[in-house]
Amino acid sequence: MKNLRHILLLSCLLAAAAEAELFVVGGSQHPWRDAGTTPGGVIRFVDDLSSIRDGDVPLFAGAADSLDGWIVPVRVDPTANISLDVLERGGSIDINLSAEQVDQGQLEGMLNGDHTVAFDRKPIDGRAIQNNGIIVTLDLGARFGVNRILFYPRMTQSFPFGNDFMRGYELYLNDGLPANLFASGQPNFVSPVRRVPDNSDTVVVTDIDPQFVRYIQLKSIINAGYEIDELEIYGTGFVPEAAYESLPLEMTSESVWGVIRWLEQTAGESTDSAIEVRVRSGSDDTPDAYFRELLVGGVRTGLSAEDEQGTLLTEASYQRLLREGRAVIKQTDIDNWSGWQLVANGERLTLPAPRKYFQFRIDFANESLDATRALAQLSFEFDPPPVDALIAEVTPAEAQIATETTFTFVARVDNESGRDGFDRFEIETPARVTAVRSVELQDSLLQGIGRADFSLDDLSNLPVTHGDFVLESVTDDHFTLGLPRITASGTRIKVVFDGAVFRYGTRFQGRAFASGVALPLLTEGGDATSEISTNDQLVRVTLGSQIAGAVHAQPAVFTPNADGVNDQTSIQYSILHLLTPSPVDVSIHDLSGRRVRSLQVADAISGRFLIAWDGRDAAGKLVPPGIYLIAVEIRSDAGSERSVGQVAVVY
């Protein structure tokens, strides 16, 4: 047994030493500019983060000098006209006239810095022209911190029209937030920020308090003719939203996924900015499907994946139709790609695998003009899978919450391509299992080809071996099995174990490891065996509102007198239905309610927990003999909830 444990320890060390392949975006091999796009066009690629300054003061204090290749939301140059890049970043300029009544070149001429082209609303050949109520709407293509708006006619030697300025106008702003848009997505302009019915300024300059703006509307309120050479917008600060979306990144072969990481730096108050990273995996290089709504009399009658000329819609044609205000839809190609998943820095990915393509999207959100984040070197681990796929299901599909239940978990191997297989298998659990009863291998005909019974083994004295099967370890969130190498398609792994669930929709997921490969292949829910009909890895419990479960002490009576027998007690408590980490306070009180000692204050989610008490108070002194109360208080969004148990101290 001693030699066996040395062998198992060595195999675990070798597995730990195996390193996954690493794909890095933001380095020299996959620079940000080449690896993705910037929807909205308000991402800046920066080599030296210290170059972003407010005067002489770097805005990103403590940025690593050794790193280059950052992406950061644009910080507006107060001397730069934001309008010049509107069309390039997907914005638009529009007017409440029909296409036959307006020269689009003139309209867009207000945004190009060309002083030979102007939007001309002057009378022609003495004929009157209706200008009262003419509205120009500018979509900046993204939200910016705006503090100045100006417009004027042409005033050059070749085009001396300085007297043809707008004589009366109203100026409206909209920040582009959903609450300030109509259901159609169009901006709701409520009241003007400025109204001048008798303007006498050739160059109209409107200074406003810096604020986030997406849409600007300029309305003529008298009939007098006018022209606008340029409509210039100036601003300050970081843009409030920005995004970077990678291209579908192709791996060398179908892969399983490991941990995703990135580097972050913060400017301004950290509470005023955030980054969200989402990921998905797929089997081809076209993750999205595009559709055009078919309308008859304004009523939707269907969808088409082609434009009006019969050409298949692409990202470019989708964006064009979107700018034109057409009813178009973009959605994930669910036949070949998974949906987007929000991930945390350092998280182990649970994307469908094996897949050959990987994509990520980074969304920046800033709540103040002087706050943002920068990101560098996003990396994720990948490895070849041990088999083509693992399909799993568990029974029973429902269990009583926080109650020991015997579960049967079956995983079916799909390996038609003949991959090398795996010899280690883990099952993820919501809490430490209390027993692993048996492990059985079945062939494609459900005939047994190997079995081990661990029901009588002590889980505190592992590893344990029975023939070709090893129960290697049991932890608070999984247990690990050593198996004879499995390669054949149709092989089933059937595991029977005892455990408990603590929230609705608990997932038991398997992980298969091959020797010398760092990353496992995760099981996916489905029809693994005819012996089980759940076709899912989820176990449901009866819905309830209770969060604090039962509290127990084992032993319930203990004697902390340093004789080596029952010198401390283990306090076990459960948390139910809690999906997000919340503060948990575990404390000891005497019968008068006085707090004797705080054992733990920490954030936790649903599960079963153990903590020891040695019979001492907050000062480190042994408490007097008697009955003591164990209080577990959980503070969640729903409020505070407490569960109480008791323990006796004797000498």
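The values are calculated or read from the model by the stated rules, or taken from the named source; none is laboratory data. Quantities reported herein were computed from a predicted structural model and do not represent experimental measurements. Heads up, the Cβs are rebuilt from the backbone with ideal geometry, glycines too, and the neighbour counts pull from every protein chain shown. Calculation scope for accessible area: heavy atoms of the full protein, side chains included, ligands and nucleic acids excluded. Shrake-Rupley method; radii C 1.70, N 1.55, O 1.52, S 1.80 Å.
Select from segment 425-445 the residues that are open to solvent by 50 Å² or more (accessible area, probe 1.4 Å) and of a type outside the set (D, E, K, R) and write down the one among them that is farthest from the chain's Cα centre (by Cα). Give the derivation first.
First, the residues of segment 425-445 that are open to solvent by 50 Å² or more (accessible area, probe 1.4 Å): 428, 432, 434, 437, 444-445.
After this cut, where a residue has to be of a type outside the set (D, E, K, R) as well, the list is 434, 444-445.
Working: 434: 34, 444: 39, 445: 42 Å.
Only one residue fits best here, namely 445.
Can you tell me which residues in segment 310-349 are surrounded by fewer than 14 Cβ atoms within 10 Å (Cβ to Cβ) and either in contact with a helix residue (DSSP H, G or I) (Cβ under 8 Å, 6 or more places away or on another chain) or assigned to a loop (DSSP other than H, G, I, E, B) (or both)?
Selection gives 310, 311, 314, 324, 325, 330, 334, 335, 339, 344, 346.
Could you please give the count of residues in segment 122-135 that are open to solvent by 10 Å² or more (accessible area, probe 1.4 Å) and either within 17 Å of residue 171 (Cα to Cα) or among the charged types (D, E, K, R) (or both)? Let's see the steps before the verdict.
Step one: list which residues in segment 122-135 are open to solvent by 10 Å² or more (accessible area, probe 1.4 Å), which gives 122-130, 132-135.
Still in the running and either within 17 Å of residue 171 (Cα to Cα) or among the charged types (D, E, K, R) (or both): 122, 125, 127, 132-135.
Selection size over segment 122-135: 7.
Mind checking which pairs have a first residue in segment 229-240 that is crowded, with 22+ Cβ neighbours inside 10 Å and a second that is among the hydroxyl-bearing types (Ser, Thr, Tyr) and in a strand (DSSP E or B), Cβ under 6 Å, 6 or more apart or different chains?
Between residues of segment 229-240 that are crowded, with 22+ Cβ neighbours inside 10 Å and residues that are among the hydroxyl-bearing types (Ser, Thr, Tyr) and in a strand (DSSP E or B), the close pairs are 229/152; 238/372.
Can you give me the number of residues within segment 117-140 that are assigned to a strand (DSSP E or B) and at pLDDT 90 or above? Full working, then the answer.
First pass over segment 117-140, keeping only residues assigned to a strand (DSSP E or B): 119-120, 124, 127, 135-140.
From the residues that got through so far, the ones that are at pLDDT 90 or above too are 119-120, 135-140.
Total satisfying the criteria: 8.
Please verify whether residue 36 is over 30 Å from residue 220 (Cβ atoms) and open to solvent by less than 40 Å² (accessible area, probe 1.4 Å), treating the condition exactly as stated.
Values: over 30 Å from residue 220 (Cβ atoms): yes; open to solvent by less than 40 Å² (accessible area, probe 1.4 Å): yes.
For residue 36, the condition - over 30 Å from residue 220 (Cβ atoms) and open to solvent by less than 40 Å² (accessible area, probe 1.4 Å) - is met.
Restricting attention to segment 385-401, does a residue exist that is of a type outside the set (A, V, I, L, M, F, W, C), at pLDDT 95 or above and assigned to a strand (DSSP E or B)?
yes
Are there any pairs, at least 6 apart or on different chains, whose C-beta atoms fall under 8 Å, with the first in segment 200-219 and open to solvent by 40 Å² or more (accessible area, probe 1.4 Å) and the second outside any strand (DSSP E or B) and of a type in the set (Phe, Trp, Tyr), and if so, which?
Sorted first by the residue in segment 200-219, then by its partner, the pairs are 201/165; 202/165; 203/165.
In this structure, does residue 454 turn out to be under 20 Å from residue 392 (Cα atoms) and open to solvent by less than 40 Å² (accessible area, probe 1.4 Å)? Spell out the reasoning first.
Values: under 20 Å from residue 392 (Cα atoms): no; open to solvent by less than 40 Å² (accessible area, probe 1.4 Å): yes.
Against the criterion (under 20 Å from residue 392 (Cα atoms) and open to solvent by less than 40 Å² (accessible area, probe 1.4 Å)), residue 454 does not qualify.
Quick check: anything in segment 459-476 of a type outside the set (Val, Ile, Thr), surrounded by 17 or more Cβ atoms within 10 Å (Cβ to Cβ), in a loop (DSSP other than H, G, I, E, B) and modelled with pLDDT under 95? It would help to see each step written out before you state the result.
Of segment 459-476, the ones of a type outside the set (Val, Ile, Thr) are 459-463, 466-469, 471-473, 476.
From what is left, the residues that are surrounded by 17 or more Cβ atoms within 10 Å (Cβ to Cβ) are 462-463, 469, 471-472.
Remaining after also requiring in a loop (DSSP other than H, G, I, E, B): 462-463.
Applying the additional criterion that residues be modelled with pLDDT under 95 yields none.
So far as segment 459-476 goes, no, none of its residues is of a type outside the set (Val, Ile, Thr), surrounded by 17 or more Cβ atoms within 10 Å (Cβ to Cβ), in a loop (DSSP other than H, G, I, E, B) and modelled with pLDDT under 95.
Checking the condition without any contact (Cβ under 8 Å) to a residue 60 or more places away in the chain and surrounded by 20 or more Cβ atoms within 10 Å (Cβ to Cβ), which residue from 138, 111, 87, 173 passes? Spell out the reasoning first.
On the way: 138 fails: without any contact (Cβ under 8 Å) to a residue 60 or more places away in the chain; 111 fails: without any contact (Cβ under 8 Å) to a residue 60 or more places away in the chain; 87 fails: surrounded by 20 or more Cβ atoms within 10 Å (Cβ to Cβ).
The match here is 173.
May I ask you to list the residues in segment 155-170 that are open to solvent by less than 10 Å² (accessible area, probe 1.4 Å) and part of a strand (DSSP E or B)?
The answer is 169, and nothing else.
Being open to solvent by 80 Å² or more (accessible area, probe 1.4 Å) and either free of Cβ contacts under 8 Å to residues at least 12 places away in the same chain or at positive phi (or both) is the filter here; which residues of segment 578-594 pass it?
Listed by number, the residues that qualify are 592, 594.
Has segment 142-154 got at least one residue that is of a type in the set (D, E, K, R) and either surrounded by fewer than 19 Cβ atoms within 10 Å (Cβ to Cβ) or more than 43 Å from the chain's Cα centre (by Cα) (or both)? Show your work before the answer.
Keep residues of segment 142-154 that are of a type in the set (D, E, K, R), which gives 143, 148, 154.
Keeping just the survivors that are either surrounded by fewer than 19 Cβ atoms within 10 Å (Cβ to Cβ) or more than 43 Å from the chain's Cα centre (by Cα) (or both) gives 148, 154.
The answer is yes, given that some residue of segment 142-154 is of a type in the set (D, E, K, R) and either surrounded by fewer than 19 Cβ atoms within 10 Å (Cβ to Cβ) or more than 43 Å from the chain's Cα centre (by Cα) (or both).
Go through segment 226-242 and give me each residue that's in a strand (DSSP E or B) and farther than 17 Å from residue 138 by Cβ.
238, 241, 242
Outside any loop (DSSP other than H, G, I, E, B) and in contact with a Phe, Trp or Tyr (Cβ under 9 Å, 6 or more places away or on another chain), is that true of residue 202?
Working: outside any loop (DSSP other than H, G, I, E, B): no; in contact with a Phe, Trp or Tyr (Cβ under 9 Å, 6 or more places away or on another chain): yes.
It is false that residue 202 is outside any loop (DSSP other than H, G, I, E, B) and in contact with a Phe, Trp or Tyr (Cβ under 9 Å, 6 or more places away or on another chain).
Is segment 66-82 home to any residue that is over 23 Å from residue 149 (Cα atoms), open to solvent by 80 Å² or more (accessible area, probe 1.4 Å) and of a type in the set (A, V, I, L, M, F, W, C)?
First pass over segment 66-82, keeping only residues over 23 Å from residue 149 (Cα atoms): 66-72.
Remaining after also requiring open to solvent by 80 Å² or more (accessible area, probe 1.4 Å): 66, 68.
In the following step, the residues that additionally are of a type in the set (A, V, I, L, M, F, W, C) were identified as none.
No, every residue in segment 66-82 fails to be over 23 Å from residue 149 (Cα atoms), open to solvent by 80 Å² or more (accessible area, probe 1.4 Å) and of a type in the set (A, V, I, L, M, F, W, C).
For residue 564, all conditions in the list (1) open to solvent by less than 80 Å² (accessible area, probe 1.4 Å); (2) assigned to a strand (DSSP E or B) hold save one; what is the number of the exception?
(2)
Tell me which residues, restricted to segment 387-424, are more than 30 Å from the chain's Cα centre (by Cα), of a type in the set (Val, Ile, Thr) and under 20 Å from residue 520 (Cβ atoms).
Within segment 387-424, 410, 413 meet the criteria.
Evaluate the following for residue 501: is it open to solvent by less than 30 Å² (accessible area, probe 1.4 Å), among the β-branched types (Val, Ile, Thr) and part of a strand (DSSP E or B)? Break it down into steps so the answer makes sense when it comes.
Values: open to solvent by less than 30 Å² (accessible area, probe 1.4 Å): yes; among the β-branched types (Val, Ile, Thr): yes; part of a strand (DSSP E or B): no.
So residue 501 fails the test.
Residue 611 is checked against (1) open to solvent by 50 Å² or more (accessible area, probe 1.4 Å); (2) of a type in the set (A, V, I, L, M, F, W, C); (3) in contact (Cβ under 8 Å) with a residue 40 or more places away in the chain and fails just one. What number does that condition carry?
(1)
Specify the residue that is least open to solvent (accessible area, probe 1.4 Å); the eligible residues are those in segment 389-414 that are within 18 Å of residue 475 (Cα to Cα) and out of contact with any Phe, Trp or Tyr (no Cβ under 8 Å at 6 or more places or on another chain).
The qualifying residue least open to solvent (accessible area, probe 1.4 Å) is 405.
Can you list the strands (runs of 3 or more DSSP E) lying wholly within segment 33-116 that have 1 or more residues being within 24 Å of residue 322 (Cα to Cα), more than 27 Å from the chain's Cα centre (by Cα) and at pLDDT below 95? It would help to see each step written out before you state the result.
Working: elements: 43-46, 70-73, 92-95.
Strands (runs of 3 or more DSSP E) meeting the threshold: 92-95.
Across segment 267-289, which residue is farthest from residue 328 (Cα to Cα) among those that are open to solvent by 10 Å² or more (accessible area, probe 1.4 Å) and hydrophobic (A, V, I, L, M, F, W, C)?
Ranking the candidates gives 274 first.
Need pairs with beta-carbon distance below 8 Å; first residue over 22 Å from residue 319 (Cα atoms) and in a strand (DSSP E or B) and within segment 296-308, second modelled with pLDDT of 85 or more and open to solvent by 70 Å² or more (accessible area, probe 1.4 Å); sequence gap 6+ or separate chains.
Matching pairs, first to second residue: none at all.
Does residue 417 meet the test of being free of Cβ contacts under 8 Å to residues at least 60 places away in the same chain, open to solvent by 10 Å² or more (accessible area, probe 1.4 Å) and either of a type outside the set (Phe, Trp, Tyr) or under 30 Å from residue 578 (Cβ atoms) (or both)?
yes
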